[in-house]
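Step one of this worksheet: look at the structure below.
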Amino acid sequence: MASVEHTDGEGLSGVEGVRRRDFINIAAVSFAGVGAVAVVLPLIDQMNPSADVLALASTEVDLSAIQPGQAIKTTFRSQPLFVRQLTEKEIAEADKVDPSTLRDPQTLEERTVDGKKQWLVTMGVCTHLGCVPLGAGEGENRGEFGGYFCPCHGSSYDTAARIRKGPAPKNLEVPKYSFTSDTAILVG
Amino acid sequence: MSFPWAEHYTPKHPLMQWIDEKLPLPRLVYNAIGAGYPVPRNLNYFWNFGVLAGLALVIQIVTGVIMAMHYGANTLVAFGTVEQTMRDVNAGWLMRYAHATGASFFFIVVYLHIFRGLYYSSYKAPREMVWLLGLVIFLLMMATAFMGYVLPWGQMSYWGAKVITGLFGAIPVVGEPIQTWLLGGFAPGNASLNRFFSLHFLLPFVIAGVIILHIWALHIPGSSNPTGVEVKGPQDTVPFHPYYTAKDGFGVGIFLILFSIMLFYAPNYLGHPDNYIEANPLSTPAHIVPEWYFWPFYAILRAFTVDFFFVPAKLLGVLAMFASILLLFFLPWLDTSPVRSGNYRPTFRKFFWILVIDVLILGYCGGAPAEEPYVMISQVAAAYYFAHFLIILPLIARFEKPLPLPNSITEAVLNRYNIQGEQDALPGMGSDPQPSNAG
Amino acid sequence: MVRIGAFLVGLFFAGWLLISFLVGAVAYVSEPPAKTVEHEFHKNPKHVSFSFDGPFGKFDQAQLQRGFQVFKEVCSACHSLKFVAFRDLEALGYNEAEVKAIAKQWAIKTPDVDPKTGEMSTRDPVPADYFPKPFANNVAAAAANNNAIPPDLSLMTKARHHGTAYVYSLLTGFQAQPAELLKEFPDAKTPEGLHYNPYFANLNLAMAPPLTADGQVTYGDGTKATVDQMAKDVSAFLTWTAEPKLENRRRAGLPTIIFLLIASGLAYMSYQNIWADKKKKA
């Protein structure tokens, strides 16, 4: 131990000096800390979606080729989007269900645009763990409720794409969209 | 570590005690850059640049890892992804400019660190290994910087890659196979870009590893100091922490201010406009130059214009350029003067400053177009460069009469502040006029 | 041994360099390098001032909009702007609907695949699209422009020394070849199809003067569209396209530097405090 060398100066400068010294040292270290935190912010922010990704936030879908009972798969924000024209029978089936018995209570009206009840637009992303449910393509398994069926963990959705059975907690999400004409919608 | 009076690590908190028993990492840090490392008390600001170089490497690794998150190593998209990072990624412009400016600052700091070593002869025994490892770091930095410059795939990237790999083509017989092997093709292309990206990502971590060795080797004899006189006793040293951590903290602040001025107000000043043109294998820029930190070496490369019998000038230039760096590895055995510090070597000091000016001239010529009078100037400057290290230094060591050295570091410090009384009272002062283990 | 070897190597390199120097010097004196026409007649960009000069300068949005108009009505017929998207125009002060309209009405259409047939076709650009290129590829560009490919303009002002002033000088620098030039370098007559411009690196440029008459565009804000004004405005616009984050960068710089100055001041005081008992000045 080199006691000659390593004094903190307490004996030399008295209590008053020590306090001033400590204050300046603490202030300097705090400034360094604040600076380090400020630098970290942009380092984190750079991982958020970039401007070009955010710009691709809307998709236009042409509905004219979709017959009643048919569905198409397209993409919205790099994820599958299901657009289905429901048949009268499917609408009736959906309306028959009492929403209060559902896991995620919603009526078909709430999930469609006024006066366009036959157009069901949902994300093709199972609310359980994000697989793409079957049922949009011709001849795919539509599950026991006649809507969509997720093969990953067996979630079944009904004709209004509401969760009826299986582990998924929510109905298939309905994105924001609007009709730009009778046969076209703009999603996003 | 090597000084018996170094403070010993005694963990106070039980958690630190527990960690120190299992993995003595706290002890290692304490002995490396904490209170456990006694450092000469008379270091001047030139001793700040080692820590600053470490900081510059950290800045490069952090911003570089982020750039890699947004980069596409494919000749079709590389230029575009860098541009997109600048325009669309959140704070992307900051990351890119910090990385580009950071490279320049890394070299500025390292060059100052090297010239400090040259002036104070820090390469001399017992610190030869520190010097040699430092040169390894320098070589790795140059390779990393060169490959990094290729990644944006601008015109200078492409033609720089072509010209530098073309240097290997100057080697007889095996040159061309080596060049195509380096590039993975006959000209820089996708294969080159991908391997450069991979290595550019890897090498900084290798540098970090060699830095650990560099510091380790430094801690065996301890730091040198401006007098060049070895530490004689406890009165000559202070613990690294808090004395030099505080001084380095101030140095870091100044470094960051200068770095920020450059980064925020002149980020393209040290760059070349041609690198904002996407690589075009069909059209060479009028005036190809590497980044500024390679200019002195580039000037040496271009200074050879006359064939030496059967050796073509091109090969001579390549050999001389590599020799200009490799000769530094022999420096500890070329300069045999027992006195280290340039402060006590009047002749050496004059030639040292000539060397500094010489290297600046070489740098200027290296950045200038390859036409007269720059080629002639760089020929004279390059001749001096080789003569300085290979001829003049050994001769000075033989014939120079050094000034009297202080008896100890403490004596030098006290003389500086004119404190007479205390000086006589200090213990442990030998009257050895020269460091006994130099030479 | 090391020193003997070093001495010989040093003697060789230094000696041969000095011999090379003598050879070069003799050649330089006996036959000085011929002056080139570029060396004699190339001019550095004119001095021209902009609102974004200096460390605290900002873009003038009205000027950028005018410059964009010049780009749209004059430059965009031949030059691409591939790193700029229509959505970026919001930075010029256009709102979302205006940007949409600009994209939709853009004369050059965005290439796409017909969703019904899968054939290549085109569609109206949307704000997310980058400015469509006027030529499908370099071959088409060269074929339509007398073998000279019009360069992309996104980064033009950063890809030349003093880029903003360079673009301005180039646009206003077309002129007849000076008589002295032809007298001194009779071989340097501007070839057919090229245009003399002393601000261009090799003096002869494939691009015909693009801004030829006052009033070539009609500015919405009533600014008189002189050639000089148009050249200035489009140079400002191209400065923005090259460095759209210029203002963000300068805005972030000042507080950072002030913070660092205070922090360094504190660090210095702290350093002096800690060393107080080691540096006793007499």
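The values are calculated or read from the model by the stated rules, or taken from the named source; none is laboratory data. Not measured: the values here are computed from a predicted model. Glycine also receives a Cβ, built like all others from the backbone with ideal geometry; neighbour counts cover every protein chain displayed. Remember, those area values only see protein heavy atoms, side chains included, never the ligands or the DNA or RNA. Shrake-Rupley method; radii C 1.70, N 1.55, O 1.52, S 1.80 Å.
Protein chains only, probe 1.4 Å: how do C:Y94, B:Y385 rank by accessible area, largest first? Please list the in-between numbers first.
On the way: C:Y94 40, B:Y385 20 Å².
The residues order as C:Y94, B:Y385, largest area first.
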Subject >> Rounded accessible area of B:F105 (nearest 10 Å², 1.4 Å probe) >> reply: 20
Original post:
For chain B, what is the mean residue ellipticity at 222 nm derived from helices alone (per DSSP H run of n ≥ 4: -39500 (n - 2.57); sum divided by total residues; nearest 500 deg cm²/dmol)?
Top reply: -19000 deg cm²/dmol
**OP:** Compare the Cα positions of B:G154, B:P346, B:Q17 along the charge dipole of chain B (+1 at Cβ of Lys, Arg; -1 at Cβ of Asp, Glu; about the Cα centre) and return the one farthest towards the positive end.
**Re:** B:Q17
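Of the peptides C:188-200, B:251-263, how do they stack up when ordered by the mean number of other Cβ atoms within 10 Å, highest first? Show your work: numbers first, answer last.
On the way: C:188-200: 16.5, B:251-263: 20.5.
For the peptides C:188-200, B:251-263, the packing ranking is B:251-263, C:188-200.
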Original post:
For chain B, what class follows from the C-alpha gyration tensor (a ≥ b ≥ c being the square roots of its eigenvalues): rounded when a/c is under 1.5, otherwise prolate if a/b is larger than b/c, else oblate?
Top reply: oblate
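Rounded if a/c is under 1.5, else prolate if a/b beats b/c, else oblate: with a ≥ b ≥ c from the C-alpha gyration tensor eigenvalues square-rooted, which is region B:173-237? Numbers along the way, then the final one.
Numbers: a/c = 5.53, a/b = 3.17, b/c = 1.75.
Prolate, because a/c is 1.5 or more and a/b exceeds b/c.
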Subject >> Given charges at Cβ of Lys, Arg, Asp, Glu: the protein assembly as shown dipole, positive-most of B:T101, C:S121, B:A412 >> reply: B:A412
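Would you work out the Kirkwood radius for region A:53-187? I mean one over the mean of 1/r across all pairs of different Cα atoms, in Å. Numbers along the way, then the final one.
Working: mean 1/r = 0.0675 Å⁻¹.
After inverting the pairwise mean of 1/r, the radius is 14.8 Å.
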Subject >> Share of alpha-carbon pairs per 10 Å distance bin for chain C, given as whole % >> reply: 5, 19, 23, 16, 13, 12, 8, 3, 0, 0
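Taking only protein heavy atoms into account and a 1.4 Å probe, give the accessible area per residue of region C:208-280 in Å². Please report the intermediate quantities before stating the final value.
Numbers: 3070 Å² over 73 residues.
Dividing the accessible area of region C:208-280 by its residue count gives 42 Å².
Sort B:368-375, B:291-298, B:356-363 by the packing proxy (mean of other Cβ within 10 Å over each peptide's residues), most packed first. Display every interim value, and only then the final one.
Working: B:368-375: 15.5, B:291-298: 21.8, B:356-363: 17.8.
The most tightly packed comes first, giving B:291-298, B:356-363, B:368-375.
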Original post:
Using θ = phi - 60° and the Karplus form 6.51 cos²θ - 1.76 cosθ + 1.60, what ³J(HN,Hα) does each residue of region C:224-232 get, whole Hz, x for Gly and Pro?
Top reply: 6, 8, 6, 4, 4, 5, 4, 5, 5
Subject >> Proximal lysines to C:K183, defined as alpha-carbon separation beneath 23 angstrom and excluding residues fewer than eight positions away on the same chain >> reply: C:K35, C:K43
**OP:** May I ask you to give the percent of accessible area on chain A that is carbon plus sulfur, with a probe radius of 1.4 Å?
**Re:** 58
Subject >> Residues losing 40 Å² or more accessible surface upon assembly, region C:227-264, compared with the chain by itself, 1.4 Å >> reply: C:K245, C:R249, C:I257, C:F259, C:L260, C:S264
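Report the accessible surface area buried between chains B and C, summing both sides, using a 1.4 Å probe on protein heavy atoms only, in Å² rounded to the nearest 100.
Counting both chains, the buried surface is close to 5400 Å².
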Original post:
For the pair A:V39 and C:V139, what calculated FRET efficiency results from E = 1/(1 + (r/R0)^6), where r is the Cβ-Cβ distance and R0 = 60 Å, to the nearest 0.05?
Top reply: 0.80
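State the percent of C-alpha pairs, over all pairs in region C:1-87, separated by a distance greater than 16 angstrom.
Numbers: 2953 of 3741 pairs.
Considering region C:1-87, 79 percent of its Cα-Cα pairs are separated by more than 16 Å.
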Original post:
Just from the alpha-carbon atoms, what are the Rg and Dmax of the protein assembly as shown in angstroms?
Top reply: 34.8, 109
Subject >> Residue-normalised accessible area of region A:53-187, given per residue in Å² at a 1.4 Å probe >> reply: 50
Original post:
Using a cut-off of 26 Å between alpha-carbon atoms, which lysines can reach C:K58, once sequence neighbours fewer than 8 places away in the same chain are excluded?
Top reply: C:K46, C:K72, C:K82, C:K100, C:K158, C:K224, C:K232, C:K245
Original post:
Under a straight-distance cross-link criterion of Cα-Cα below 29 Å, which lysines are reachable from B:K12, leaving out those fewer than 8 residues away in the same chain?
Top reply: B:K22, B:K247, C:K278
Subject >> Dipole magnitude of region C:52-166 about its Cα centre (Cβ charges: Lys, Arg +1; Asp, Glu -1), debye to nearest 20 >> reply: 160
**OP:** May I ask you to rank B:W5, B:W181 by accessible area, largest first, using a 1.4 Å probe over the protein chains only?
**Re:** B:W181, B:W5
Original post:
Ignoring ligands, DNA and RNA, what percent of the accessible area of chain B is carbon or sulfur (1.4 Å)?
Top reply: 72
